[in-house]
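First up is the structure itself, then whatever we jot down about it.
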Amino acid sequence: MLTEPSNSTPADNFETLLQTRYSCRGFLARPVERDVIEQILRMAQRTASWCNSQPWQVIVTTPLATERLRQAMFGPEVFRAADSYDIAPPQAYDGVYRERRRECGLQLYESVGVTPGDREASARQALENLRFFGAPHMALVTTEAVLGPYGTADCGAYVSNFMLAARSLGVACIAQAALASRSAFLRSWFELPAHRQVFCGISFGYEDPDHPANRFRTSRASLDQSVQWVEA
């Protein structure tokens, strides 16, 4: 659990969470205590949403269920299946978005020893998504189809708050859009009704501090690149 000096302000604490949260790609097998998970879920439930609709529904797996699902993800009917998204993924990453995506990928590959251009090694690393990076838990976040883009925006806010709440309690996470590429399988596995759309998964647990994939941190754009001021 993160601790702050006694004289720290709420803004100090929040900035610490933002600065120290990262996408964890290497977890210990140790499960997260049930009461800690429930506290994360209660905190994330305070997420603001359009008209207080709270469209998210979350399925949380315990270690045994996670392992069963992990094995199933590598079954031939899932592993070789074509991508199946409920919510359309980005059409393309162009310009600065491509640059940022590439920077993140290169940092990851460098940290785990993948040589640029080694497609076999990069493919192996990509498969870690289907293993939940070894995490003992996975939270599958779904939204209500009829709520459309507003529902997905609300779920994005929920995912962010889930990860910050987890970080405040010493739990590491990674949000995985890659799991949404197996939406048809996941809906069948968890017996989801047709009106629920798979938004993403969040793999979580206690971070492995010695895992090489946990050694890098992504950059953030400056305010000059993302904010426009209107004075009058």
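Structure data summary
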read-out: Exposure proxy ranking, count of Cβ atoms within 10 Å, fewest first, for 97, 109, 158, 22; value: 97, 22, 109, 158
read-out: Highest-fluctuation residue, 134, 156, 148 considered, GNM on the chain with Cα pairs under 10 Å; value: 148
read-out: Residue of 116, 212, 31 that the Gaussian network model of the chain assigns the largest fluctuation, springs spanning Cα pairs under 10 Å; value: 116
read-out: Label point 7 Å beyond Cα of residue 91 along Cβ direction - residues of the range 141-171 with amide nitrogen under 20 Å; value: 148-150, 152-153
read-out: Highest-MSF residue in the chain out of 221, 139, 11 [GNM, Cα springs under 10 Å]; value: 221
read-out: Using alpha carbons only: equivalent-ellipsoid semi-axes of the chain, gyration tensor based, whole Å; value: 26, 23, 22
read-out: Residues 18, 179 arranged by fewest to most Cβ contacts within 10 Å; value: 18, 179
read-out: FRET efficiency estimate (nearest 0.05) - Cβ-Cβ, residue 20 to residue 226, R0 25 angstrom; value: 0.75
read-out: Within the chain, helix-based [θ] at 222 nm, where runs of 4 or more DSSP H residues each add -39,500 (n - 2.57), nearest 500; value: -12000 deg cm²/dmol
read-out: Modelled FRET efficiency - R0 22 Å, residue 160 with residue 104, Cβ distances, 0.05 increments; value: 0.80
read-out: Whole-Å distance, taken between Cα centres, linking the range 110-140 and the range 1-59; value: 24
read-out: Relative contact order (%) - criterion: Cα under 8 Å, at least six apart; region: the range 10-167; value: 51
read-out: Tensor-based shape of the range 139-216 (alpha-carbon gyration tensor, a/c under 1.5 rounded, otherwise prolate or oblate); value: prolate
read-out: Least to most buried among 186, 223, 28 (fewest other Cβ within 10 Å first); value: 223, 28, 186
read-out: Contact order relative to length of the range 106-232, as percent, for alpha carbon pairs under 8 angstrom and 6 or more apart; value: 34
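Bear in mind that the values in this text are calculations on the coordinates, not laboratory data. Just so it is clear, the model here is predicted, and its values are computed rather than measured. Using ideal geometry, Cβ is built from the backbone for each residue, glycine included, and neighbour counts are taken over all protein chains shown.
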